[in-house]
Amino acid sequence: MKRFFAFGCSYTNYAWPTWANLLSTNYDEFYNWGLAGLGNRAIAERVAEANAKHRFTKDDLIIVQWSSHLRNDWWHKYSASDRPYTWKTSGSIFNYINEKIYDDKWVQLFFYEPAYFMHTLNHISLTQGLLKSIGCEWYMSSMGDIRNLGADLRNHADYGELGHIPTPFDVGVDMLAWKKIPELAVYNETIWENNAAHWLMPMETHAQLHKEHTYKYVDDTIRGSKQFVDDFHPTPRQHTLWIESQLADRLCLPKEVLDFSYEIADRVDNHFDKFKFSKMQFTEKLFNSEFFEKKHEKMQWPTILMGF
Amino acid sequence: MRRFFAFGCSYTSYSWPMWANMLSIEYDEFYNWGLAGLGNRAIAERIVEAHQRHNFTKDDLIIVQWSSHLRNDWFHEYSLPERRSKWKTAGSIFNYLNQSVYDQKWVDTFFYEPAFLMHTLNNIGLTQGFLESIGCEWYMTSIGDIRNMGDDFREAAGSGEKHIYDDRVMPEVELAWDRLPSLKIYEQKIWKDRADRWLTPLELVAKKHLDLTFEFDDTEVPGGKFFDIHPSPLQSVCWLEEELKDKLNIKDTTITAAKELATNIHALQQNMKFNKITFELTLAKRIDFPSSVKNMVWPTWPNGF
């Protein structure tokens, strides 16, 4: 019996099937520990939590998608009760959702970008160690290349995922972090070079190769939004292309898995063409249990919330 | 060549030689990554950082001393410059040093004790996996038993290290699983599967030898006195003998040297108990340190970024 565990943020668990859901059809058991808005500390902690809960074995497949170093993870049962999860992170410290949480005093006292980047590197390394100690099959990906400090992400200013360090002239500079924070370059060898076979192309980098498939819709979940905006989360088709390019050979995926994945992508794309005037209507219909056909049931989506 | 790396808080690196310094006599190289005030996330992160700098191998000995789940670790180059380390933690969120840092809004928004314990457990779990992936010899200890949530620490005025539950009807051990049963999933992986890696918490051994605790005059309260609950040198020797002598095959000469050093320091402390700072400054000159510990590394500079 082969189990598949996926970890990450909204690039892994989203309002439409992601790479993790699409890949899940190849496995006997699937656990999607992805959670929208998470930062890298929470992602690492949830790997540890899942290990305590499910007791990983060498037969498991574990894929971790890292997010951004600009997120401050915290967990609370009661505070910020308008947020649906107990992990309260909700993306970048500097996004529009977090404006009220992080005032100038907080930012000046607690936020220092090189340190936040260091925390990300430390948690990636800890996670790699844990996965190696299990002896399982594991891979890692990310939104953009972690080492580019967010400069390779397509950005809405509102999302705040571009930190303070990159300047407009830094876009396109490879491994920007080691140029900007050279003392942290010591991590490159242990995290990336020594584990090159475990790193998959960043999802955003790959999606940018297939920009034509990006969804652009009226995001009426944001009050007052009337303009078409890009949703940079990879679409089911972009996820499928990523699986095909990054995982098909590594995991020896049967043709049926990719065929199924493309079928799902076709279905969601067709639906999107009809409902692009409203994100709310587009996604609500997707969540309707009748949207996918009986034959699609082997894909687990949406998934129940995993973890504390 | 054998290297020894120690990680922890002030129970590992302090103003008098601790267990780590004494043990260092046995090793060719010693790196004390202990840093006063650290919480458990910072301790875990510093292990990774040390690996980047020193490239751990299977021949290394690594001992990690965990602190308290009530500490909020953060690192900053510029904020709070009066704190010398860039890790700005400075102990519990609720201690007297941190009163001006964590206001009620901060506590209400970000602090939820079960989550802070969960973070500690996750960091321990990650670190255990990390050390196993290296293949080195490793052990872990802590101030009190992590599962007692600080309830087995001796009282230290203003330290704020006790768990915040105010119900005093409590089990004597494993308070965490009694109060937070959902977190018991960590017990098997962290403690039971790795029982041979855990050493008795330092505070528990120190409490068995209470008479060896250092007491000082309180210079701000006429006639007042206070205990410093950090293990005294003789308490550290007790812990080394009870917990590590057999596991590490520590030479008798090392234990003898540590005892000789500790005895001398206790004698100095008896003479200088009127002022802790004067005692510390005098001690830093290594006066009355026996020749048998001339290779002992102490005091140490803080390692890391």
Selection count where residues are of a type in the set (A, V, I, L, M, F, W, C), in contact with a His (Cβ under 9 Å, 6 or more places away or on another chain) and crowded, with 17+ Cβ neighbours inside 10 Å, scope segment A:260-308: 5
Residue within segment B:144-165 that is assigned to a helix (DSSP H, G or I) and of a type outside the set (Val, Ile, Thr) present: yes
Hey, B:ILE143 among the β-branched types (Val, Ile, Thr) and buried (at least 20 other Cβ atoms within 10 Å of the Cβ) or not: yes
Whichever residue in segment A:100-143 is buried (at least 22 other Cβ atoms within 10 Å of the Cβ) and more than 22 Å from B:ALA44 (Cα to Cα) and, among such residues, is farthest from the other protein chains (Cβ to nearest Cβ): A:MET143
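Identify all residues within segment A:216-227 that are in a strand (DSSP E or B) and either at pLDDT 85 or above or at positive phi (or both); write none if there are none.
Kept after step one, since they are in a strand (DSSP E or B), are these residues of segment A:216-227: A:216-218.
Result: A:LYS216, A:TYR217.
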Among the residues listed as A:HIS213, A:HIS239, the single one being surrounded by fewer than 20 Cβ atoms within 10 Å (Cβ to Cβ) and on the phi < 0 side of the Ramachandran plot: A:HIS213
Residue that is modelled with pLDDT of 95 or more and farther than 22 Å from B:THR57 by Cα, where the choices are A:ILE191, A:ILE165, A:ILE181: A:ILE181
Segments classed as helices (runs of 4 or more DSSP H), wholly inside segment B:181-291, with at least 3 members that are surrounded by fewer than 20 Cβ atoms within 10 Å (Cβ to Cβ) and away from chain A (no Cβ under 14 Å): B:202-208, B:245-248, B:252-272, B:276-283
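Right, A:ILE124: at pLDDT below 95 and either of a type in the set (Val, Ile, Thr) or not in a helix (DSSP H, G or I) (or both) or not? Give the steps one after another, and end with the answer.
On the way: at pLDDT below 95: no; either of a type in the set (Val, Ile, Thr) or not in a helix (DSSP H, G or I) (or both): yes.
Judged against the criteria, A:ILE124 is not a match.
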Matching residues, segment B:36-63, being surrounded by fewer than 24 Cβ atoms within 10 Å (Cβ to Cβ), in contact with a Lys or Arg (Cβ under 9 Å, 6 or more places away or on another chain) and closer than 19 Å to B:SER142 by Cα: B:GLY37, B:LEU61
Residue selected from segment A:67-86 under the condition over 24 Å from A:ALA151 (Cα atoms) and more than 9 Å from chain B (Cβ to nearest Cβ), by the criterion modelled with the lowest pLDDT: A:PRO84
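The rows are residues; the columns are (1) in a loop (DSSP other than H, G, I, E, B); (2) more than 10 Å from chain A (Cβ to nearest Cβ); (3) free of Cβ contacts under 8 Å to residues at least 12 places away in the same chain.
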residue: B:VAL101; (1), (2), (3): yes, no, no
residue: B:LYS105; (1), (2), (3): no, no, yes
residue: B:ASP108; (1), (2), (3): no, no, yes
residue: B:PRO114; (1), (2), (3): no, no, no
residue: B:LEU121; (1), (2), (3): no, no, no
residue: B:ILE124; (1), (2), (3): no, no, no
residue: B:THR127; (1), (2), (3): no, no, no
residue: B:LEU131; (1), (2), (3): no, no, no
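The values are calculated or read from the model by the stated rules, or taken from the named source; none is laboratory data. It should be emphasised that the depicted structure is a prediction, and the values quoted were computed from it without experimental measurement. No Cβ is skipped: glycine too gets one built from the backbone with ideal geometry, and neighbour counts run over all protein chains shown.
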